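Undergrad: Take this structure first; my questions come after.
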Amino acid sequence: MYYFGDPAVWLPFVFAALMGLSILIYVILDGFDLGVGLLFPFADDEEKDRMIASIGPFWDANETWLVLAVGLLLVAFPSAHGAILTALYLPVAIMLIGLILRGVAFEFRAKAPAPQKELWNNLFFAGSLMTALAQGFMLGMYVMGLDWTWAHAGFGLLTAVFLAVGYSFIGATWVIHKTDEFLQRKAVDWAKGGIWGLVLGIGAISLATPFVSDRIFDKWFSFPAALYLAPLPLMSGGLVVWLWVMLQKMPYAQDRMSWKPFVAATALWVMAFGGMAYSFYPYVVPEKLTIYEAASAPESLFIILIGTCFVLPTIMGYTVLSYYIFKGKARELRYD
Amino acid sequence: MDTLILSRMQFAANISFHILFPTITIALGWALLFFRVRFNMTGQEKWMEAYRFWVKVFALSFAMGVVSGITMSFQFGTNWPGFMETVGNIAGPLLAYEIMTAFFLEAVFLGIMLFGASRVPAWLHTTATFLVAFGTMMSAFWIIVLNSWMHTPQGFEMIDGVAHATDWSEIIFNPSMPYRFGHMVLASFLTCSFLIAGVSAFRWLIGGKTQGVRVALKTAIYAAALLIPVQILVGDMHGLNTKEYQPAKVAAMEGHWETGGNVPLLLFAIPDDEARTNHYEIGIPNLASFILTHEWDGEIKGLNDFVSEEGEILHPRVAPVFWSFRVMVGTGMAMLVISWAASAMMLRRKRGVEGLPKPMLYALVGMSFSGWLATLAGWYTTEIGRQPWLVQGVMTTKQAVADVPAPMVLSTFIAYMVVYLLLLSAYIYVIFYLARKMSRGEDIGTPVAPTPRQQPNAMPAE
Ligand code: HDD
Ligand code: HEM
Ligand code: HEM
């Protein structure tokens, strides 16, 4: 247990990294299927069916990453878990009800009598919207340090809208990849609209973050620390421009490169997330509790880590298998 | 009402809603595997017909289970932060293993199981079905380990008010775990059997007398008839185990106030927590002593032994435990009578499903959700019976509660209740709607998988 130095130092770091990784995977994967739900009002009935078919085999596993992220928070940093979730009590409840509604609406819309399909379609949209807004709000509140003031809540509302638009953007890039013809062209238009949400959202958070604390400000603007960070905004800017140019020309002949917008969007998320993680480290509750103070006992973390080393690669493996099996354009989903 | 009682009500509502769906999916996964394997072996279309109907119910139940489960995992943080702060070193790894070994397995292979039949070879589809069934069983295992540890904790030491694990095999194989896990899995199989039997009887009654309905009905009734005696036996063993580790709970279940021998088995009584006595007792003399000690005059500890010198009450409220226990056992007895009677009718002169008279079919329809009733009643006995403890002897429920304002908890509680009632009615309605649709012959006769085929007007996810 002491092979790599003091476990009370590296274990919390490893778990913070694992947790960050699962949040990141979550916002990308559930981001696209929440986004598909957010785009529902813009699609007609048949398109809705195809959009649902494009996320059908995946959404459940996508949400499991959220469970893992919260699980890791709870397991590795119990006191931070309590502090964060009680501070965000209401948005969490709204998110949960949203997740409930969309998850079940997904099933009911295909099984309930035809006249009720409309209702479940609407609930699918409403649930996706509640979830996205609540998550965006929590993101804003978290960045602001989890204190409830009017200004902070206002910022939270702003990030709520941006995150929802950002999700609909990544959702649209998913639809571009998984569909063709008219719906695909429609999705290109959606993506052109949605990219602004992402840009504004990343912009707003980047503007606000350094002013939350002097510590982060120093990390960003003092030499040489600023050099570490500099590539992130530059690369993100480049990616946005590239995406924009590409979207103007899509779809390409023979559906070439329909996967590129999705990959570019993913890369954007990764960088935005990386920037945030870099800024907030080593705090898990901003400016109040570090990962080292909040960590569970090393022997408990160790026993989880052993399992993780075996299980996580396996999970990744069969997740890839599932995406491989359902690769290609979304077809009708049938239970046989 | 204060935050504590509201949080308890909210937690109870959430977990009650959640458990309804795992109880179905744990066993239904295996039932589907059974149908699928029978089809692989015999090639008879009827097995696939049964599979195709029940896989829809499975998908629906699974979605309900997943979303309500996600709610559960947030509750610890939003409402019970003290729980993880005190016993997080033990609960944490168990929950982590549940997520890693079970949830991902189910979630990923569910996609392949539901929608993959036409894309993957038959063996992989059967394997996916197996892995989903196995995954649900693993979920149940880990969460029951945690829950049982909360009832009979061991393998840890307290350092500065925080529990630290000392022996993981003691924690996992804690004394009540085997009984609770066995009893829960059996409960799940019984719930599922009665659901399949009830819905199939319903389809039979409204004229959908297909081969698929026939095998489903038969399989379900025989499974129930075989399992219910085992369940009663395991339940009895579970009770004996509880008597050893949580005597206060057993005293509450029996409504037994003064320590002594020759305790009667109460069939009816109105326990009065204020006056500390029962009203209107009707019981069978000495039977409780016999069941719990296997001697007619065996001594059983009474509730009055669980009041401290200062008058602090260290036993649960009696009435809810007393009554929910009777509801569970009563339902179990009803299951016994119905499933044996139905089996006897089917076996008589080998008449099979034709041997079931109408009243019996109606009774089966009425029992469709009896498993839910018994399961909930059982969990209420278990969980309320543990109060005032959250982790028996280690921490009380009160110590764990979050200091969130009561009105906030009240508002989320009401919101959850509204959503849950709506979804529960929709769920039951849709199952019977699908049954009626099938009986009208719609959607039956689609070619058997796994040949890919284009159906222009097929509804997705159906
Ligand atoms: C179909 C469901 C079902 C049926 C028919 C029964 N039970 Fe049960 N019972 C459960 C479903 C259940 C349960 C929901 O699964 C519980 C809650 C916790 C647990 O482990 O199992 C439970 C708990 C539970 C407990 C509480 C143990 C504790 O936590 O301390 C006892 C003593 C029994 N059962 C005994 C019985 C007996 C004697 C039965 C005879 C008819 C019976 N059960 C039928
Ligand atoms: C699945 C079926 C379960 C049901 C129906 C159930 C039901 C309940 C009920 C009714 C209470 C409230 C007791 C009271 O108010 O006096 C309670 C308490 C509690 N149970 Fe369970 N429980 C279940 C399983 C579990 C499991 C598996 C866990 C842990 C992993 C758990 C953890 C708790 C906790 C933390 C409390 C304390 C909060 C409270 O007292 O309300 N329960 N449960
Ligand atoms: C406090 C207690 C509990 C928590 C926190 C919890 C959490 C969860 C979560 C997050 C999921 C969704 C998994 C996914 O994303 O796929 C889930 C599903 C599941 N849970 Fe629970 N659960 C609890 C109690 C129980 C109990 C008491 C049982 C059974 C005995 C149970 C059995 C299952 C099963 C079998 C599934 C998967 C199947 C399905 O979703 O229907 N859980 N649970």
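The values are calculated or read from the model by the stated rules, or taken from the named source; none is laboratory data. This one's a predicted model, so the numbers in the text were calculated from it and none came from an experiment. Counting neighbours? That spans all protein chains shown, and the Cβs are built from the backbone with ideal geometry, glycine included.
Undergrad: Looking at B:M41, B:M48, which is the one that is part of a helix (DSSP H, G or I), away from ligand 2 (no atom under 16 Å from the Cβ) and free of Cβ contacts under 8 Å to residues at least 40 places away in the same chain?
TA: Step by step, each of B:M41, B:M48 is checked, and only B:M41 is part of a helix (DSSP H, G or I), away from ligand 2 (no atom under 16 Å from the Cβ) and free of Cβ contacts under 8 Å to residues at least 40 places away in the same chain.
Undergrad: Could you check region A:209-254 and list, in sequence order, the residues that are closer than 30 Å to A:K288 by Cβ, modelled with pLDDT of 75 or more and of a type outside the set (G, A, S)?
TA: Those that are closer than 30 Å to A:K288 by Cβ, modelled with pLDDT of 75 or more and of a type outside the set (G, A, S): A:P231, A:L232, A:P233.
Undergrad: OK, next. When you check B:A342 against the structure, is it free of Cβ contacts under 8 Å to residues at least 60 places away in the same chain, touching a helix residue (DSSP H, G or I) at 6+ places or on another chain (Cβ under 6 Å) and within 30 Å of B:L186 (Cβ to Cβ), yes or no?
TA: no
Undergrad: Could you please give the count of residues in region B:137-155 that are in a helix (DSSP H, G or I), away from ligand 2 (no atom under 13 Å from the Cβ) and more than 13 Å from every other protein chain (Cβ to nearest Cβ)?
TA: Qualifying residue count for the region: 1.
Undergrad: Further question: Could you check B:M158 against (1) away from ligand 3 (no atom under 16 Å from the Cβ); (2) under 21 Å from the mean Cα position of the chain (by Cα); (3) not in a helix (DSSP H, G or I) and say which number it fails?
TA: (2)
Undergrad: Would you call B:T23 closer than 19 Å to B:L146 by Cα, touching a residue at least 40 places away in the same chain (Cβ under 8 Å) and among the hydroxyl-bearing types (S, T, Y)?
TA: Against the criterion (closer than 19 Å to B:L146 by Cα, touching a residue at least 40 places away in the same chain (Cβ under 8 Å) and among the hydroxyl-bearing types (S, T, Y)), B:T23 qualifies.
Undergrad: Out of region B:320-337, which residues are among the aliphatic types (A, V, I, L, M) and within 12 Å of ligand 2 (Cβ to nearest atom)?
TA: Looking only at region B:320-337, we keep the residues that are among the aliphatic types (A, V, I, L, M), and these are B:321, B:327-329, B:333-337.
Residues satisfying the conditions are B:V321, B:M328.
Undergrad: Within 16 Å of ligand 2 (Cβ to nearest atom), surrounded by fewer than 23 Cβ atoms within 10 Å (Cβ to Cβ) and aromatic (F, W, Y): is that true of B:F134 in this structure?
TA: no
Undergrad: Shifting gears a bit: Given the criteria part of a helix (DSSP H, G or I), more than 16 Å from ligand 2 (Cβ to nearest atom) and at negative phi, does B:A27 qualify?
TA: So B:A27 fails the test.
Undergrad: Would you confirm whether or not region B:31-39 contains a residue that is among the hydrophobic types (A, V, I, L, M, F, W, C), within 16 Å of ligand 1 (Cβ to nearest atom) and touching a Ser or Thr at 6+ places or on another chain (Cβ under 7 Å)?
TA: No, region B:31-39 contains no residue that is among the hydrophobic types (A, V, I, L, M, F, W, C), within 16 Å of ligand 1 (Cβ to nearest atom) and touching a Ser or Thr at 6+ places or on another chain (Cβ under 7 Å).
Undergrad: I need the full set of residues from region A:122-150 which are more than 25 Å from the chain's Cα centre (by Cα) and part of a helix (DSSP H, G or I), in order please.
TA: A:W150
Undergrad: Only residues that are surrounded by 20 or more Cβ atoms within 10 Å (Cβ to Cβ), in a helix (DSSP H, G or I) and either facing chain B (nearest Cβ under 10 Å) or not hydroxyl-bearing (S, T, Y) (or both): list them for region A:277-297, please.
TA: Residues satisfying the conditions are A:F280, A:I291, A:A294.
Undergrad: Looking for whichever is out of contact with any Asp or Glu (no Cβ under 7 Å at 6 or more places or on another chain), closer than 23 Å to A:R50 by Cα and in contact (Cβ under 8 Å) with a residue 60 or more places away in the chain here; the options are A:G127, A:G103, A:G136. Which one fits?
TA: That would be A:G127, the only listed residue that is out of contact with any Asp or Glu (no Cβ under 7 Å at 6 or more places or on another chain), closer than 23 Å to A:R50 by Cα and in contact (Cβ under 8 Å) with a residue 60 or more places away in the chain.
Undergrad: Also: Only one of these is crowded, with 23+ Cβ neighbours inside 10 Å and either within 16 Å of ligand 1 (Cβ to nearest atom) or within 24 Å of A:I97 (Cβ to Cβ) (or both): B:G92, B:G65, B:G88. Name it.
TA: Going through B:G92, B:G65, B:G88 in turn, the sole match is B:G65.
Undergrad: Pick from A:T173, A:T159: which is polar (S, T, N, Q), assigned to a helix (DSSP H, G or I) and closer than 11 Å to A:G201 by Cα?
TA: Criteria check complete, one pass: A:T159.
Undergrad: Another question about this same structure. Filter region A:176-215 for residues that are in a loop (DSSP other than H, G, I, E, B) and either among the β-branched types (V, I, T) or within 25 Å of A:L247 (Cα to Cα) (or both) and give the result.
TA: The answer is A:T179, A:D180.
Undergrad: Inside region B:362-403, can you point out the residues that are over 21 Å from B:V318 (Cβ atoms) and either within 14 Å of ligand 3 (Cβ to nearest atom) or within 14 Å of chain A (Cβ to nearest Cβ) (or both)?
TA: Across region B:362-403, the qualifying residues are B:G371, B:W372, B:T375, B:V391, B:M395, B:Q399, B:A400, B:V401, B:A402, B:D403.
Undergrad: While we're here: Taking region B:61-117 as the search range and keeping residues that are part of a loop (DSSP other than H, G, I, E, B) and within 7 Å of chain A (Cβ to nearest Cβ), which one is farthest from ligand 3 (Cβ to nearest atom)?
TA: Top of the filtered list is B:A117.
Undergrad: Taking region B:223-256 as the region of interest, how many residues are surrounded by 17 or more Cβ atoms within 10 Å (Cβ to Cβ) and over 20 Å from the mean Cα position of the chain (by Cα)?
TA: Residues in region B:223-256 being surrounded by 17 or more Cβ atoms within 10 Å (Cβ to Cβ) and over 20 Å from the mean Cα position of the chain (by Cα): 11 in total.
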